[in-house]
Amino acid sequence: RWVRAALQVNPYLYKGKNQPSTAYSSESDYNKALLDECESIGIEIIAITDHWNVESGLNLIADASARGIVALPGFEANTAEGIHILVIFDAGTKTPAVNAAIGMCGATPGCGNGTTGASFKDILEKMTGLGALVIPAHVNVPNSGLLTGRTGQPLVTMITSPALHAIGITPNQPNGTDQVAIVNG
């Protein structure tokens, strides 16, 4: 059976481009609107990610779970190479375990957006070893996308890692380096 999922949902407390607090006056209003939309389009699983922060999504996890939507805790990270990635854990993973994972990635839980952590390879291997799913986010968006600014053997090494299971492509953006070949292969 196919399941519809949204694997990069920002919580109300997220700070950055399109932060929810600019459009909603309260966390409860945002959570309700978000989860209503998830239900209306059949999303059964969400992954809640914020920059180096799992605690900002705890209320959304609780609200989603109360409505029967599986909520996966996680965080957004920036690798030493400047690649933006999502690190997603199993539902029910405790906050201290995710905070420890953030530390293993070379950052402090709750540190600012833009803070860089360990290398792509180190984060990918360490987090996969913990059972997390690591997804390079918006791989075709300039500056922080895996398929922008990287070519040749360094890109091949990243893409062919046995620990890499998914990439996030942003629709309506130009293709990144070798994107068609990578998706087809």
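Numbers below:
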quantity: Per-residue SASA entry for His138, accessible area with 1.4 Å probe, Å² rounded to 10; calculated: 40 Å²
quantity: Accessible area in square angstrom per residue, the range 45-174, 1.4 angstrom probe; calculated: 42 Å²
quantity: Accessible area in the full protein assembly, largest first, 1.4 Å probe, for Met104, Met158, Met127; calculated: Met104, Met158, Met127
quantity: Accessible surface ranking that places the most exposed of Ser25, Ser65 first, with a 1.4 angstrom probe; calculated: Ser25, Ser65
quantity: Charged-residue dipole, Cβ positions (Lys, Arg, Asp, Glu), the chain about Cα centre, Debye nearest 20; calculated: 260 debye
quantity: Acute angle (nearest 10 degrees) that the helix 27-40 long axis makes with the longest principal axis of the chain, alpha-carbon atoms; calculated: 70 degrees
quantity: Of all accessible heavy-atom area on the chain, the percent that carbon and sulfur account for (1.4 Å); calculated: 54 percent
quantity: Theoretical gain in end-to-end length, Cys111 to Ser65 [0.36 nm per residue, Cα-Cα removed]; calculated: 13.9 nm
quantity: Relative contact order computed over the range 61-185 (Cα-Cα under 8 Å; 6+ residues apart), in percent; calculated: 22 percent
quantity: Expected 222 nm ellipticity per residue - DSSP helices of 4 or more, -39500 (n - 2.57), all of the chain, to 500; calculated: -9000 deg cm²/dmol
quantity: Between 0 and 90°, nearest 10: helix 120-129 axis offset from the chain longest Cα axis; calculated: 60 degrees
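The values are calculated or read from the model by the stated rules, or taken from the named source; none is laboratory data. Quantities reported herein were computed from a predicted structural model and do not represent experimental measurements. Neighbour counts are summed over all protein chains in view; Cβ atoms, including those assigned to glycine, are modelled from backbone coordinates with ideal geometry. Surface accessibility is based on the protein's heavy atoms, side chains included, excluding ligands, DNA and RNA. Shrake-Rupley method; radii C 1.70, N 1.55, O 1.52, S 1.80 Å.
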